[in-house]
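Inspection log for the structure reproduced underneath, given as structure tokens.
The values are calculated or read from the model by the stated rules, or taken from the named source; none is laboratory data. The shown structure was predicted, so the numbers you read here are calculated from the model rather than taken from an experiment. FYI the Cβ positions are ideal-geometry reconstructions off the backbone, even for glycines, and counts take in every protein chain you see. Surface accessibility is based on the protein's heavy atoms, side chains included, excluding ligands, DNA and RNA. Shrake-Rupley method; radii C 1.70, N 1.55, O 1.52, S 1.80 Å.
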Amino acid sequence: MSGDLDLEQRYRRVLRLLPGYYRDKWEEDMVAAFLDGWLTGDPDEDSVTMEYDRPSRQEIASVVGLAARLYLGAAGAPRRYLAWGQAIRGAVLALLLTHAIWGLGQLLLVARSHRLIGWLPPTPAAAGVWLTVWYVAGYCWIVVFVALVLGHYRMARAVAVLAVAAALAIVLQGQLTGELVSPFASWSYWVLMDLVPVAALAAFHRDAPPVPRRPWLLALPAGYLLVNVPWLALQLTGNSAWLPDTFGLCCLLVALACLAHVPRAWSSRADMSTWSLTLTLLAAVIGLERLTSLSFYPNNPHLAHVDLAELLIMVAAAALVAPDASRAPAAIAAPQSRPRLG
């Protein structure tokens, strides 16, 4: 019962949110610093304070933020936390990259519908508030990805919330009206591909290593040219049926990334283990989405078999780098400094 605890015990209960290694080293100092802000030196007033007062919301929020940074690879954290933090940041960037590439595709659709690209045949102009919301969500993901790579984490989080809210509105509209929603407007897609990456933006904090800007920024136009342009070409030639669906394409891309990474994963380079863990995380997220998307084709067993084949290809490729991923916690160097509250 909280009423049976004094102020010091209440602070210690809040500090249980922190990892054990950090509490062992800093708990006493933190409790003393927190209490120092309350106690006045007057025995009667301090007695009332210790019995009835509680940690402020701002203090609790600071501890929660510190806990997130520590668990997600802050400076001075044990190697396993650093490795997981790096892997989560890499997986989030990869997922947001797919969103940003999709957003560039939305820009091209709008440009074609307004005949802004003369050498491409125009698409029928579409209208409607929900189509506008869909386009806005795509544009937001471009801003989120670029802001994240450039280190503007607060901006990235704020715009990401807008994108997730727009996607949620689309899903709710499709569910409430009973319309057939696309895979992009399903609950599974919204949770796994929208909500989870945005929640994982907590891994991007001031104590985290900076994102390598040049490779990720180049990955956006390169990804569009390598993925969307061939899809557009097949569509224009009437051969779009040759392409897998979105989740099948994601499975194949992750599989190719794993296969390309195998020589480095099997080498003696310790710094490659974190990338192996990143690819394993990506394979897990995409695999779950591939499984949930099987319900989109209840009357087409052939497509279900194709989807399962795509999933198995990705799982087999990910299995080649999984042993190296398990070595990631021991392969990363741990900087020695103390993360701050706030």
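Modelled with pLDDT of 80 or more and surrounded by fewer than 20 Cβ atoms within 10 Å (Cβ to Cβ): is that true of Val110 in this structure?
no
Does Thr278 satisfy the condition of being closer than 18 Å to Leu192 by Cα and at pLDDT 85 or above? Before the answer, list the steps.
Values: closer than 18 Å to Leu192 by Cα: yes; at pLDDT 85 or above: yes.
Taking the combined requirement at face value, the residue satisfies it.
Within segment 191-199, identify whether any single residue is in a helix (DSSP H, G or I), over 14 Å from Val92 (Cβ atoms) and hydrophobic (A, V, I, L, M, F, W, C), and answer yes or no.
yes
One line per residue, one yes/no per condition, for (1) at pLDDT below 85; (2) among the acidic types (Asp, Glu); (3) surrounded by 17 or more Cβ atoms within 10 Å (Cβ to Cβ); (4) closer than 23 Å to Phe296 by Cα:
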| residue | (1), (2), (3), (4) |
| --- | --- |
| Trp190 | no, no, yes, yes |
| Leu220 | no, no, yes, no |
| Ser240 | yes, no, no, yes |
| Cys250 | no, no, yes, yes |
| Ser268 | yes, no, no, no |
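Answer yes or no: is there a residue in segment 319-333 that is open to solvent by 70 Å² or more (accessible area, probe 1.4 Å), within 24 Å of the chain's Cα centre (by Cα), within 30 Å of Ser62 (Cβ to Cβ) and at pLDDT below 85.
Yes.
Before we move on, is Tyr139 in a helix (DSSP H, G or I) and either modelled with pLDDT under 85 or touching a Pro at 6+ places or on another chain (Cβ under 9 Å) (or both)?
Numbers: in a helix (DSSP H, G or I): yes; either modelled with pLDDT under 85 or touching a Pro at 6+ places or on another chain (Cβ under 9 Å) (or both): no.
It is false that Tyr139 is in a helix (DSSP H, G or I) and either modelled with pLDDT under 85 or touching a Pro at 6+ places or on another chain (Cβ under 9 Å) (or both).
Among helices (runs of 4 or more DSSP H) lying entirely in segment 10-72, which contain 1 or more residues that are of a type in the set (Lys, Arg)?
Passing ranges, in order: 20-36, 57-71.
Take segment 13-47 and flag every residue that is open to solvent by 80 Å² or more (accessible area, probe 1.4 Å) and more than 25 Å from Ala67 (Cβ to Cβ).
Of segment 13-47, the ones open to solvent by 80 Å² or more (accessible area, probe 1.4 Å) are 13, 16-17, 24-25, 28-29, 36, 40, 43-45.
Once the filter is applied, which keeps residues that are open to solvent by 80 Å² or more (accessible area, probe 1.4 Å) and more than 25 Å from Ala67 (Cβ to Cβ), segment 13-47 yields Thr40, Pro43, Asp44, Glu45.
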